[in-house]
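Quick note: the coordinates plus some simple rules give every number you see, no bench work behind them. Nothing here was measured: the structure is a model prediction, and the numbers come from that model. Here the Cβ positions follow ideal geometry from the backbone for every residue, glycine too, while neighbour counts run over all protein chains shown.
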Amino acid sequence: MHRADRLSRGAWAIVGLLWFVATFNYLDRQLVVTMPGPIKGDLGIGNERFGLLSSVFLWIYGICSPIAGYVADRFGKRPVIIASLLIWSAATFVTGIVTSFEGMLAARAMLGVSEAFYMPAAVALIVEYHRGPTRSRATGLHLSGVYAGSALGGLGGAFAEMFGWRTGFLIMGAIGVAYALVLMIIFPRPQTFSDETRAEIASAKASPSAAFTTAFKSLLTTRGFQFLLAMNLLNGAAYWPVRNWLPEFFRSELGVSQAWAGIYGPMAFNGAAFVGMLIASNISDWWSGWNERARALVPAIGFMIAAPCLFAIGAVEYIPIILACVLVAGMSQGFLDANLMPAACTVTDFRHRATAYGLLNFVGTTAGGVMTYVGGMLKEQHVPFGTTFQAASLLIFVAGLCLFAVKPTRAAMSEPRARDPLQPERTGTSERGSASS
């Protein structure tokens, strides 16, 4: 078997194994927002405190993300991925046991801490082995698990009606712990870079404080990355409250049953994002063959199309039109997710990619947590969710403008090639392996 074939097999094997982890990641976090009625009734809380459950998760997830990315860059991505899955699955199981709002809040906080460590490590590992003609497809295929999990999470309302809201958390927590134990055995130990590149990385990491300062200074002073940060802040502020409040919007403002509200909201949005991700990843890989800005331009165009549709969700009352607009908005989010890390690769040093993704997560989820809480607070003051969605349409439009301003840097586009993750470790001066990833 040729080396290129071995590399292809190993690189895609990593994507396949991580697809299931991404699915569990978003299914676990999505369950809460699809069960507002039974959870609020059981814990005796209103919309504002229920919104706080999602907001606290997002705030802690966001705050921990830059640190998580740096830890993955410095200490290795494989152990971070496995530990994250194990801990957040345990937190999901605990969510099904707690009997108070404070206990639920603590469980969601733990979920935020542990899940923050997964995504920066996973996407950074994937782009090490997929570049050029497969980078967006590999990233998109992995993140399609995000939307598979989110879409399946949309069934949470129907599941709660049949079996009670706690059962879903107990089952998913147990499955996640079991899969983490399986990954400890079968997940490849990648052979990463050449000796020269490993020496460069080791030198950069010789002083922990210097490495930390260098990574963040390098990212925050890069103009293209600054535009990506601004874009993801606006995207998070717009789309997280849409995701989190769509079920309650359909239920309380349009009179849809709890079961169908989960299907019309998260399942429709995330299912469309899944399709959008597959479409956008292929377009980006094809277009980037002659336009290195394609990774940013594809989601920029998606946002421009989605902005008026997002406004229409809060402006019309005819459910089929609203569903069509939800589908368009969802597809635009998929356009971004397939290209966010590939776009970051065009403006960042390869040694700081997990840190970069952690910073992007930080601004997006923190802003999303604030706006999710604001949406619930406004609803308590009798401001409809439709008004929140209309405000989100403006944010998405500006986010698209930020993406149009992202221009790749030559230094970032030059990167070392990763070794075959399935190739046995060799001894010798030029073929020694490394388990750093």
Legend entry - Charged-residue dipole, Cβ positions (Lys, Arg, Asp, Glu), the chain about Cα centre, Debye nearest 20: 1020
Inset, instruction - Name the residue, out of S100, S84, S288, whose mean-square fluctuation peaks in a Gaussian network model built on the chain with Cα pairs under 10 Å. - result: S100
Inset, instruction - Mind pulling the angle between the C-alpha long axis of helix 195-204 and the longest principal axis of the chain? Nearest 10 degrees, somewhere in 0 to 90. - result: 60
Inset, instruction - Find the cysteines in the chain that fail to meet the 4.7 Å Cβ criterion with every other cysteine, and list them. - result: C64, C345, C402
Inset, instruction - Starting with the fewest neighbours, write out R137, R131, R353 ranked by other beta-carbon atoms found within 10 Å of each beta-carbon. - result: R131, R137, R353
Inset, instruction - Taking 7 Å along the Cα-to-C-beta vector as the label spot, tell me the M184-M162 distance in nanometres, rounded to one decimal. - result: 3.3
Legend entry - Estimated inter-spin distance, V275 and T387, nm [label 7 Å along Cα→Cβ]: 3.3
Legend entry - Gained length - V398 relative to I319, 0.36 nm times residue gap less alpha-carbon distance: 25.7 nm
Inset, instruction - Could you check the simple spin-label distance between Q226 and M377, using points 7 Å along Cα→Cβ, in nm with one decimal? - result: 3.0
Legend entry - Mean Cβ count within 10 Å, highest first, over the residues of peptides 144-153, 168-177, 86-95: 144-153, 86-95, 168-177
Inset, instruction - Return the FRET efficiency for the residue pair W287, L254: r is the Cβ-Cβ distance, R0 is 35 Å, and the value is rounded to the nearest 0.05. - result: 0.35
Legend entry - Ranked by how many other beta carbons lie within 10 Å on average, peptides 101-107, 291-297, 244-250 from highest: 244-250, 291-297, 101-107
Inset, instruction - Rounded to the nearest 500, what is the 222 nm mean residue ellipticity of the chain from helices alone, with -39500 (n - 2.57) per DSSP H run of 4+ residues and division by all residues? - result: -26000 deg cm²/dmol
Inset, instruction - Starting from the Kirkwood radius over alpha-carbon pairs of the chain, derive D by Stokes-Einstein at 37 °C in a medium of 0.692 mPa s and give it in µm² s⁻¹. - result: 151
Inset, instruction - Going by C-beta contacts inside 10 Å, put T387, T372 in order with the fewest on the left. - result: T387, T372
Legend entry - On Cα atoms only, tilt of 165-186 relative to the major axis of the chain in degrees: 10
Inset, instruction - Return one number: the angle in degrees, 0 to 90 and rounded to the nearest 10, between the long axis of the Cα atoms of helix 101-116 and the longest principal axis of the Cα atoms of the chain. - result: 30
Legend entry - Paramagnetic reach from T99 (point 7 Å along Cα→Cβ, amide N under 18 Å) across segment 10-49: 39-45
Legend entry - Protection-proxy order for peptides 270-277, 219-226, each taking the mean of Cβ atoms within 10 Å per residue, highest first: 270-277, 219-226
